[in-house]
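Below is one structure, written out as C-alpha cells; comments come after it.
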Amino acid sequence: MAAQQMMNASDKLVQEAVDGVLSHSAHLARLDGYPDIKCIVDREMVAKKSTVAIISGGGSGHEPGYAGFVGHGMLAGAVAGEVFASPSAEAVLAAIRTLTGPKGCLIILMNYTGDRLHFGLAAEQAKAEGLKVEMVCVGEDVAIDSPGLAGRRGLAGTALVLKVAGATAAAGGTLAEVAAAAQAMADNIATLGVALRVCTLPGKAASDRLKDGEIEIGLGIHGEPGIEKTQGMSARDLTQRMLNKIASSSFFKLQEGERVVLLVNNLGASMALEMGCVTQAALTALQHTHKVVVERCLVGPFVTSLDMAGMSLTLMRVPPGAEGDAILAKLDYPVNAAGWPNTNAKVVPIAILPVPKGSSSSLDVATHRPASVSAEGLGLEAAIRAASDALIRDQEALNALDAKVGDGDCGDTVSHGANAILAELGTTYPLNDVAGTVAALARSVRQAVGGTSGALYDVALTAAAASLRESLPGGAGGAGPAAWAGALRAGASAVSKYGGARAGSRTMLDALLPAVAALEQAAAQGLNGVEAAEAAAAAAAAGAEATKEMAANAGRASYVPAEVLRSVPDPGAMAVAAWMAAVASSVKASA
C-alpha cells in the first residue's frame, strides 16, 4: 500500500511543487518548457548577466537543494529532474544559454553518474556554441573508502561549495577564480549520514529495510544502503561515532588545532529538537575530543532525502590565517535564497545571564529545612513524598490516557514536577511552616514544569499557600480539615479563574472540586484528619471516573471528537485522584 502523502498525483508532484515555490518568490522565474524543462532562475541575474553564472541541479527530492539556493550570492539557476532522476541535457543546456554572460558559467553538481553525463553533455554543447563553461563535481561521502571509478557520492557538503562559489562570483571573480574556489572547497569537505527511517518515494509503499530500533550509517541521499546497520544509540554516542569516522577517513584526516566548519543537515523528517541535540553533541565532541576550532556551525535542511528521518554531518577544513578568514567571510555573505539560513553561524560559548532579582528564585519563603522538624512537619513531608511517588509511579498510565485524548505527555509533566519536588523536599522546604511549605511546592513546580499543567498547579498551590497563611496563626502549624478545605477551595478557584474551566469541563477540577466539597463537609461534621483525607480521596476518585461521560470544553481535549473522549477519563483528573489517594494513605499511616 502506498504511503500517505500530500500530493495530487506523483507524476505531477515536482512541477506543482516548483510552481508553489515560484508563487511566493518574486525574485525567481522558470523557463518555459514544462514538464520537460524544469529550470528555476534568478530574474535579475538573467537580465544583467554581469557575474559568473553558477548553475546546479539534479533529481528532485533533496529540497531546499537546489531551487532553494537560487538567488543573489549563490546560484543563478537550478535545473530539476523528477524525483531522484537527473534532468535532461536539453534542460541543462537551456539554463546555460539563459544565464551565461561574458564572464561565463560554472556548473557545480553532486558526483552521480546520471548528473555527470547530462550536465557534462550540456556543458560540451554550450562550449561548442562559444559559451565559457566549467564544471566542478563534488564527492565527499566518507562512507565509501575505496570509491573506484565512480568516485565518492556527493552529499550535503555540496551546499557549502555552492555558498563559497556564489560569494566569489558575487564579488566579481573570474570564471577561473570561481571554479578554483569551488574546487578548493570540494577538496576539503567530508560528510557522513545516518538514517532512523529511510525515505519513501512519492506514491510508493514505505520501506521496511530498517527494523524497529535499527539505524543505518553511511547511506546515500537516494536511500542507497549504508555501510552498516546497528541498534539506535544516544545522540552523543552517534555523533561521536560519525565524527570519528570522518576524522579518520582516507581522504580527510582531521588534526588537532585545525579550523573547521560544521554543517548539521536534516535529511528531511528529523525534529528540530533532535537537530539541536545532535548539534550540541557534535560541537562538544569536536571541541573537546578532537580538539579542533569550530569557526561556524550551520544547522537545518540543506540537502534532504524526501522524508528520511536522519541527519548528516559535514566538516569543511578552513585554512589558517587570512586565507581561511576570506573563506569564512564568503560563508557569511548574505544571500537572497530561501533555502540558506541568513543567520550568524559563528560558534560562541553559550551565554548565560543572571536571573533578575524578584523573580521566581527570590520568593519570600524560607528555603531551608528546619534543624528540628515538628510532628506535623514530618507528617506533611511524608504526605508530599507519597503524593510525588504516586505521580511518578503512574507516569506511563497517565501518558497512555493522555495519548487518547491529548498530546500524550500528562504523565511526563506531573512526574517531572514530582521529581523536582522530591529533589528539594528534604533540604529546602520549611516543613514547620505549613503555608511556607505549600509555597515551596509552588516554587518547585514553577521552576521545573512548563506547559498548561505546570501553570495550573503553580497557581493552585500559590493560592492555597496564601489561604493557609491567612487562616493559620502566623501561617505556621495546626492545619486541620477546615484549613486544608479552605486552601484547596482557594486553589480550585484560582485554577478556574485563570484556566477558564469549571465543574463539568472535563479537567483536573472535576476531581479537585468534589474533594474540596468532601473536606468542607468533613470539617463541618467534626471528622478527624484521617477521615477527612479519606473522604476527599474517595470524592476525587469518583469525580475523575465521572469525567468519562463529560464533554470537554477546556484544554486540548476540547478539540478531540466526543466519540474519542467517551469512556476515557480525563488524565489531569486522574492525576489529582492519584495524589489525593496517596495523601490519604500517608495521613492514615502517620496517625
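Condition first: assigned to a loop (DSSP other than H, G, I, E, B) and either more than 27 Å from Ala170 (Cβ to Cβ) or among the β-branched types (Val, Ile, Thr) (or both). Can you find one or more residues in region 238-251 that meet it?
Yes, region 238-251 has at least one match.
Given the criterion open to solvent by less than 50 Å² (accessible area, probe 1.4 Å) and under 30 Å from Val70 (Cβ atoms), identify the matching residue among Ala247, Ala235, Ala171, Ala159.
Ala159
Which ones in region 169-214 are among the β-branched types (Val, Ile, Thr) and in contact with a Phe, Trp or Tyr (Cβ under 9 Å, 6 or more places away or on another chain)?
Ile189
Return the residues of region 215-232 that are open to solvent by less than 70 Å² (accessible area, probe 1.4 Å) and either in a loop (DSSP other than H, G, I, E, B) or modelled with pLDDT under 90 (or both); say none if nothing qualifies.
Gly218, Leu219, Gly220, Ile221, His222, Gly223, Glu224, Gly226, Gly232
Quick check on my filter: what residues within region 45-77 are under 23 Å from Cys199 (Cα atoms) and of a type in the set (A, V, I, L, M, F, W, C)?
Matches in region 45-77: Ala67, Phe69.
Here is a yes/no grid of residues against (1) open to solvent by 50 Å² or more (accessible area, probe 1.4 Å); (2) free of Cβ contacts under 8 Å to residues at least 40 places away in the same chain; (3) in contact with a strand residue (DSSP E or B) (Cβ under 6 Å, 6 or more places away or on another chain); (4) under 18 Å from Gly154 (Cα atoms):
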position	(1), (2), (3), (4)
Phe252	no, no, yes, yes
Thr289	yes, no, no, no
Ala309	no, no, yes, no
Asp325	yes, yes, no, no
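Quick one: Leu196 ticks every box in (1) over 23 Å from Ala2 (Cβ atoms); (2) aliphatic (A, V, I, L, M); (3) open to solvent by 10 Å² or more (accessible area, probe 1.4 Å) bar one, so which box is it?
Condition not satisfied by Leu196: (1).
So which of Ala532, Ala557, Ala522, Ala538 is modelled with pLDDT under 90, surrounded by 17 or more Cβ atoms within 10 Å (Cβ to Cβ), among the small types (Gly, Ala, Ser) and in a helix (DSSP H, G or I)?
The match here is Ala557.
Just the residues that are within 18 Å of Gly57 (Cα to Cα) and assigned to a loop (DSSP other than H, G, I, E, B), please, taken from region 128-180.
Gly139, Glu140, Arg152, Arg153, Gly154, Leu155, Ala156, Gly157
Scan region 450-470 and give yes if some residue there is open to solvent by 30 Å² or more (accessible area, probe 1.4 Å), within 19 Å of Leu391 (Cα to Cα), in contact with a Leu (Cβ under 7 Å, 6 or more places away or on another chain) and not in a loop (DSSP other than H, G, I, E, B), otherwise no.
Yes, some residue in region 450-470 is open to solvent by 30 Å² or more (accessible area, probe 1.4 Å), within 19 Å of Leu391 (Cα to Cα), in contact with a Leu (Cβ under 7 Å, 6 or more places away or on another chain) and not in a loop (DSSP other than H, G, I, E, B).
So which residues in region 139-156 are surrounded by fewer than 19 Cβ atoms within 10 Å (Cβ to Cβ) and not aliphatic (A, V, I, L, M)?
Of everything in region 139-156, those that are surrounded by fewer than 19 Cβ atoms within 10 Å (Cβ to Cβ) and not aliphatic (A, V, I, L, M) turn out to be Asp145, Ser146, Pro147, Gly148, Gly151.
Open to solvent by less than 60 Å² (accessible area, probe 1.4 Å) and within 19 Å of Leu131 (Cα to Cα): which single residue out of Val79, Val70, Val21 fits that description?
Matching residue, one of Val79, Val70, Val21: Val79.
The values are calculated or read from the model by the stated rules, or taken from the named source; none is laboratory data. Not measured: the values here are computed from a predicted model. All Cβ positions, glycine included, derive from the backbone under ideal geometry; neighbour counts span all protein chains shown. Please note that ligands, DNA and RNA were not included when accessible areas were found on the heavy atoms of the full protein model with its side chains. Shrake-Rupley method; radii C 1.70, N 1.55, O 1.52, S 1.80 Å.
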